[in-house]
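Asks: I have a structure I would like to understand better, so I am pasting it below and will then ask my questions one at a time.
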Amino acid sequence: MNDESSFIRIRGVSKHFGDFVAVDDVDLDIGKGELFSILGGSGCGKTTLLRMLAGFETPTNGSIEIDGTDITAVPPYERPVNMMFQSYAVFPHMDVEKNVGYGLRKDGLDKGEIDSRVDDVIRLVQLEPFRSRKPDQLSGGQRQRVALARALIKRPKVLLLDEPLAALDKKLREHTQFELMNIQDELGITFVVVTHDQEEAMTLSTRIAVMEKGRFLQVGTPKEIYEYPKSRFVADFVGTINTFEGTVSEVGAESITVTCEELPVPVTALRNEDISTGQKVCIAVRPEKIFISREQPDDDESIAMPAVVDDLGYLGNRSLYRIRLANGQIVQVSRQNRRRSARRFVEWEDAVWVSWRPRSTVVIASGD
Amino acid sequence: MSAAREPVTWKRITVAIPYLWLLVFFLLPFAIILKISLADPIIARPPFTPLFDDQGQLSVTFDNFLFLLTDKLYAYTYLKSVFMAFAATVLCLLLGFPMAYGIARSSSSMRSLLLLLIVLPFWISFLLRVYAWMGLLNNYGVINNTLMFLGVTDQPIQIMYTDLAIFIGLTYSYLPFMILPLYASLERMDLDLVEAAQDLGASRTQAFWDITWPLARPGVIAGCLLVFIPAMGEYVIPYLLGGPESLLIGRVLFDEFFVNRDWPLASSVAIVLLLLLVVPIVFMQRNDARQAEAE
């Protein structure tokens, strides 16, 4: 780890609430200017971790450093950190300008300086027409901008965002998502986002930490997390995936072969270092990596098996298929609808072949 | 057409009922009291001169109001009542705010229990509760006996029949009326707001004055009015707990009506009391509306 990658340094941090362990001995390094996401289901400890970064909770054990300064015991109002709350927490009795300028007034800056910085930030989040409105006269999206502007105005070293897009509708989410990334890019502030939405985490982040039961299961780039999940939980949590239990039957120089009871043919996969014959593993394949064809694929490399279309769903840009193997096992497949056509590519109960390439097979050591 | 008009008629009727109620049970009696206050006392039944005399001439006198102004006793009693009610209101606010805050921030199961405890005293007659304080505040009551037992004092401290006793009684009796509206406004408040203020650099104290206090203001105003208004005209507490010299306006009102049978004077006392209460309330409400508009 170089210096760049440990702007925020979390070491051995735990948080206990009575008998309940919310965060369990966690280490994490986040680099300067990163847009880092902590992804997990409800109750996984992600919000507690964020609140410890903000200073609203004190770690039971461990230390948190930001930019080389230990802030573990520093109260929230003295931390170089600001937070955008999930509820936005916009002060209802203050107008937009007063809300945005609150942090600077608390710092005792003179009025001229406050006014000019409020102007800048309001322009940045495009709230100029609403600057003298009260929060109850704003839409959800506008309130979120107020919360963002209010958190950015103090030029914090780290901006914490708690489920920033959760309360917005789909179109606004997509728009806001890219806007957040632009703002982050422009200001170079380190963002730490907490979310339960894997899509949000994927599109926003430079890196993601997947959290479960107070621990990190995997930390990596969105691609690493999605394409190379290290555990079944991560594979399942991030996107959709087909998983099968199996045993390693052969370890070759480049590839391995796994036999699964649920699949009629042995599955080949690329070899990674620590795998041995006889080991129990779980193999996983993403739906979009699986092909459906009417004929048996003619390359001898692909893992191919005959099947029947059990169910299909048309989503516009792509279609989802549930394919039933001869033994009743269901495989999920998704396919981009590249061709414009009103006819269906396959129909219910059509006999088809499903296949995927060995490099698409994810191998997860069992027990993880 | 008639089907469309029907709901409007019903709406009018439902709106009219409370107005009618106020007219019959508030405005009309008030007009009668006003009339009596402008009459002279006579020994008759009713004990005041009629509005029109035998010749059909309007007979109105401001003597009663002038008497209230000239006799220092009344001015003193009004001031003392305002002071006692004000002091009790302040103490209720100081005690009630932390209590309401604590209840609003406790777990939901605990919250209903605590609220029940606040309301529980209402299950016992007000008179009995005030009477019970006599047993507590007596020279040989629970409080003095405990103090003497502990050796804090070797002779009883005189609390009963003093202004302090009235003050304790008022605060005790009206505290729930302060806590409940405060609780209602604090409970609605999002805790994230306080954390957001702290996150932006406000200390706990600053966050309280910047966020919690202004947002609790409607509750504070409602609570203060609910305590101040009845405390101002309170009769039972000064009568039972206060001494002969701790004269409050409720007591004066009672004495003028039932002891002196001077209805006109008693009526004018009542009207001045009403003005004393209404004027600040109207002023406060207007001020509040103006402030809300300005923000």
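The values are calculated or read from the model by the stated rules, or taken from the named source; none is laboratory data. This is a predicted model, so every value here is computed, not measured. Neighbour counts run over all protein chains shown; Cβ positions are idealised from the backbone, glycine included.
Asks: Looking for something touching a strand residue (DSSP E or B) at 6+ places or on another chain (Cβ under 7 Å), part of a helix (DSSP H, G or I) and within 14 Å of another protein chain (Cβ to nearest Cβ) - is there at least one such residue anywhere in the stretch A:24-47?
Replies: Yes.
Asks: Among the residues of the stretch A:332-342, is there at least one that is at pLDDT 90 or above and among the aliphatic types (A, V, I, L, M)?
Replies: Within the stretch A:332-342, one or more residues are at pLDDT 90 or above and among the aliphatic types (A, V, I, L, M).
Asks: Can you name every one of the strands (runs of 3 or more DSSP E) wholly within the stretch A:145-228 that holds 2 or more residues which are under 25 Å from A:Ile364 (Cα atoms)?
Replies: Strands (runs of 3 or more DSSP E) meeting the threshold: A:207-212, A:215-220.
Asks: When the residues of the stretch A:51-82 are filtered to those that are over 25 Å from the mean Cα position of the chain (by Cα) and part of a helix (DSSP H, G or I), which remaining residue is nearest to B:Thr205 (Cα to Cα)?
Replies: Applying the filter and picking the extreme gives A:Tyr77.
Asks: Pull up the stretch A:89-101, narrow it to residues that are under 32 Å from the mean Cα position of the chain (by Cα) and in a helix (DSSP H, G or I), then point me to the one that is farthest from the other protein chains (Cβ to nearest Cβ).
Replies: Filtering the stretch A:89-101 for residues that are under 32 Å from the mean Cα position of the chain (by Cα) and in a helix (DSSP H, G or I), the one farthest from the other protein chains (Cβ to nearest Cβ) comes out as A:Val96.
Asks: How many residues does the stretch B:83-113 contain that are in contact with a helix residue (DSSP H, G or I) (Cβ under 7 Å, 6 or more places away or on another chain) and either loosely packed, with under 14 Cβ neighbours inside 10 Å or of a type in the set (Val, Ile, Thr) (or both)?
Replies: Looking only at that region, the number is 2.
Asks: A further question follows. Please work out if A:Lys111 is more than 9 Å from chain B (Cβ to nearest Cβ) and either surrounded by fewer than 16 Cβ atoms within 10 Å (Cβ to Cβ) or free of Cβ contacts under 8 Å to residues at least 60 places away in the same chain (or both).
Replies: It is true that A:Lys111 is more than 9 Å from chain B (Cβ to nearest Cβ) and either surrounded by fewer than 16 Cβ atoms within 10 Å (Cβ to Cβ) or free of Cβ contacts under 8 Å to residues at least 60 places away in the same chain (or both).
Asks: Search the stretch A:14-25 for residues being closer than 17 Å to A:Val210 by Cβ and not small (Gly, Ala, Ser), and hand back the single one that is surrounded by the fewest Cβ atoms within 10 Å (Cβ to Cβ).
Replies: Here the answer is A:Asp25.
Asks: Scan the stretch B:133-172 residue by residue and report those that are over 21 Å from the mean Cα position of the chain (by Cα), part of a helix (DSSP H, G or I) and either buried (at least 17 other Cβ atoms within 10 Å of the Cβ) or not polar (S, T, N, Q) (or both).
Replies: Listed by number, the residues that qualify are B:Met134, B:Gly135, B:Leu136, B:Leu137, B:Val142, B:Ile143, B:Asn144, B:Leu147, B:Met148, B:Phe149, B:Leu150.
Asks: Please note which helices (runs of 4 or more DSSP H) are completely contained in the stretch B:196-277 and include at least 2 residues that are away from every other protein chain (no Cβ under 14 Å) and not hydroxyl-bearing (Ser, Thr, Tyr).
Replies: B:213-232, B:236-241, B:249-254
Asks: Just the residues that are free of Cβ contacts under 8 Å to residues at least 24 places away in the same chain and either surrounded by 13 or more Cβ atoms within 10 Å (Cβ to Cβ) or within 21 Å of A:Lys280 (Cβ to Cβ) (or both), please, taken from the stretch A:322-366.
Replies: Of everything in the stretch A:322-366, those that are free of Cβ contacts under 8 Å to residues at least 24 places away in the same chain and either surrounded by 13 or more Cβ atoms within 10 Å (Cβ to Cβ) or within 21 Å of A:Lys280 (Cβ to Cβ) (or both) turn out to be A:Arg322, A:Arg324, A:Ile330, A:Asn337.
Asks: Please go through (1) touching a Pro at 6+ places or on another chain (Cβ under 8 Å); (2) in contact (Cβ under 8 Å) with a residue 40 or more places away in the chain for B:Leu225 and return the number of the only condition it doesn't satisfy.
Replies: For B:Leu225, the failing item is (1).
Asks: Also: Right, A:Leu104: among the hydrophobic types (A, V, I, L, M, F, W, C), at pLDDT 95 or above, over 23 Å from A:Val219 (Cα atoms) and not in a strand (DSSP E or B) or not?
Replies: Spelling it out, A:Leu104 is indeed among the hydrophobic types (A, V, I, L, M, F, W, C), at pLDDT 95 or above, over 23 Å from A:Val219 (Cα atoms) and not in a strand (DSSP E or B).
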